Every structure is written in C-alpha cells, then in structure tokens.
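All remarks here apply to the structure that follows.
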Amino acid sequence: MIVRRGGDASISEFVITYRPQDSEPPVLSSAIRSTVHQWLVELQGAEELRAVAVEPRRTALLIGPPGCGKTTLAHHLAARLGLPLHVANFQAVISQWVGATGNNINNLFASLREDAKKSVLLLDEFDAVAHKRMSQSSASATEKNNTVIAVLQQLDRYDGIVIAATNRADDIDHAIWRRFGMHMEIGLPDDDARFAILTRYLAPMTLAEEALDTLCTLTAGATPALLRSLMEGVKRDMVLSPRFGRPCGPREVFERTVASLRPHGDLIWPSLWAATSDSLDLIEQMPWPPVLTA
C-alpha cells in the first residue's frame, strides 16, 4: 500500500511514502544478497566503525534495467531498518520554469531534513535530475546544470540514508556518482532466482519441479517484473478461461498469456517470446495442471 505523507504540504507534494509493513522481500543473486546484508550490518554497527575512524556508508546507487526490482530492494532495505521509505516524486519536482526544478529539489530535501534519521529516501529514475553536465551553450543546458548543482549540494547536506536508482548509469554526472558510497548492479535474475520468482508468483498454485525447471529455461533473460506478469497471467487465465469454454491445457494457457505480454524492445527476449512455437512444444510436455494449495 502506498500512502502520501500527511502534515507538511511540501512533503506530500514531493514525496510518496511506503510503510515498512508493506515491503516484499526481493529475490536477489547471492552476490547482491551478501552486499545488502553487509550494508545492513554496517548501518547497525555505526559505533564500532566510528571507534576506528570509519563512518557507515549512507548512500547507495542501484543500477539495472527497468523491472529488475530496484524499488522493491530499496523498500526492503528500509523495512529491515524499521523505517518508512520516502520516494521522491520527480514528476512534481521537475518544472518547465527556469530555476523552479532546483528550488523544488531544495524544498524536497528541506521538507525531509528533520525526518532524515527516521526514514530512507529513494531517488528513483535518478538520471532525470543527475544527468552529466554540459557546456552552457544554451538556457536549457544552464538549467540542467543548475539542477545537478542543487542535487550535489543537497546530497552533501543531507545526513539520512539516501538510495538512488537508475537504468542509465552512464548518464549520471561524475561528481554525483562520487557522492554514493555504494554502487550495486541489480541485474537480470539467474536460474535460481527465476525459479524462486516463478514459484512466488504462481502461489497459491504449485507446479512440479520439472515444470518449473522448463519455465526457468524458457524465461532466461526475463526481468522479475515480466516473470511476475507471466505467472499472474497464467493464474488469471486458469480461473477465467472455463467461463468462456476455452481449453486449459498448458499450451493453450501459455499461448494466450504470452500473447498479452511483450518484453521491452531494448531488453533480452527470452525463448518463450523469441521462439514461442518451439517453447510451447516444450510446455505442452510439462506436468499439468497446477495444484491449488491450502
């Protein structure tokens, strides 16, 4: 559930808040899972670190294609710390008027400063306000550069935990990049992660392990978001197709589901979409149907 933060009007204008109890654990690769665990321990061990003249890192940049769970991870991190996640609403921050975007960024951070130690701030789609600076040959370039300067200044002054997320890491300004103590690449899920994601979003239905292994192979290269849509689509089709007298064998269910989903053109197309006919031949041989568990 997403709720707007009440109280100060400037906060509710620029921020959407996620509550800790609404978080969902992300499915991560072993390397990223280890890094996340280490960061949580680091944040909780601030006193021990300061004893050896080291501060815990409070900024992290999450990098990865759309749909790979960057926002889910940020929400989970905040929840593990028992804190709400404030997500900057850049649609409200970015303005067409000269100087307004920089002022809105200043207002965003100012509205959260008193709450900094009691929350986590997520700057999603971060490249929108952190783009590499350009030579000031136009009013537009000057405005974008001033926006980057405002972000730099506010990051330096803010003493809370800040997570930024982008799928365009190469576009981030070099000085802003250096402000982040951690850089985590949230890539496409591996075989084990895909198996876990498929299992999670098929629930409360289950399939034989053999069937899930087949689906893991046919969805190599899929984002977590696409895997979720696929399994939710399968469940939706299984429930609704009998109303229309449509066959509910594995080939028919997946053929209809895949026809309603399409990976983004810039991403890898898994075999289930790139070679649908051959993939459906394999799916037709899977143990079927799914079992509804209690």
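The values are calculated or read from the model by the stated rules, or taken from the named source; none is laboratory data. Keep in mind that what you see is a predicted model, and the values were worked out from it rather than measured. Neighbour counts are summed over all protein chains in view; Cβ atoms, including those assigned to glycine, are modelled from backbone coordinates with ideal geometry.
The table for this structure:
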| read-out | value |
| --- | --- |
| Residues that are under 16 Å from PHE90 (Cβ atoms) and not basic (Lys, Arg), drawn from segment 157-177 | VAL162, ILE163, ALA164, ALA165, THR166, ASN167, ASP171, ILE172, ASP173, ILE176 |
| Residue within segment 111-124 that is in contact with a strand residue (DSSP E or B) (Cβ under 7 Å, 6 or more places away or on another chain), among the basic types (Lys, Arg) and more than 15 Å from VAL148 (Cα to Cα) present | no |
| Count of residues meeting criterion [closer than 21 Å to CYS68 by Cα and either small (Gly, Ala, Ser) or touching a residue at least 40 places away in the same chain (Cβ under 8 Å) (or both)] in segment 21-57 | 16 |
| Unmet criterion (only one of (1) over 30 Å from GLY265 (Cβ atoms); (2) assigned to a helix (DSSP H, G or I); (3) small (Gly, Ala, Ser)) for SER95 | (2) |
| Residue within segment 234-248 that is under 28 Å from the mean Cα position of the chain (by Cα), closer than 29 Å to ARG168 by Cβ, modelled with pLDDT of 95 or more and buried (at least 17 other Cβ atoms within 10 Å of the Cβ) present | no |
| Any hit, segment 166-177, residues being modelled with pLDDT of 95 or more, of a type outside the set (D, E, K, R), assigned by TED's automatic domain parsing to the domain that holds LEU267 and not in a loop (DSSP other than H, G, I, E, B) | no |
| Unmet requirement for LEU218, which otherwise passes all of (1) over 30 Å from ALA150 (Cβ atoms); (2) without any contact (Cβ under 8 Å) to a residue 60 or more places away in the chain | (2) |
| Hits in segment 234-273 - residues which are outside any loop (DSSP other than H, G, I, E, B) and of a type in the set (A, V, I, L, M, F, W, C) | VAL234, MET238, VAL239, LEU240, PHE244, VAL253, PHE254, VAL258, ALA259, LEU272, TRP273 |
| Of all residues making up segment 44-63, the number that are assigned to a loop (DSSP other than H, G, I, E, B) and farther than 17 Å from GLY181 by Cα | 2 |
| Subset of segment 207-233 that is hydroxyl-bearing (Ser, Thr, Tyr) and over 21 Å from the mean Cα position of the chain (by Cα) - its residue that is surrounded by the most Cβ atoms within 10 Å (Cβ to Cβ) | THR214 |
| Search result, residues across segment 263-284 that are without any contact (Cβ under 8 Å) to a residue 40 or more places away in the chain, over 21 Å from ARG236 (Cα atoms) and more than 30 Å from the chain's Cα centre (by Cα) | SER277, ASP278, ASP281 |
| Qualifying residue in segment 203-218 (condition: over 25 Å from GLY69 (Cβ atoms) and outside any helix (DSSP H, G or I)) | yes |
| Test: residue in segment 97-108 that is under 27 Å from THR223 (Cβ atoms) and assigned by TED's automatic domain parsing to the domain that holds VAL162 | no |
| Residue in segment 122-143 that is under 30 Å from GLU232 (Cα atoms), touching a helix residue (DSSP H, G or I) at 6+ places or on another chain (Cβ under 9 Å), surrounded by 17 or more Cβ atoms within 10 Å (Cβ to Cβ) and free of Cβ contacts under 8 Å to residues at least 40 places away in the same chain present | no |
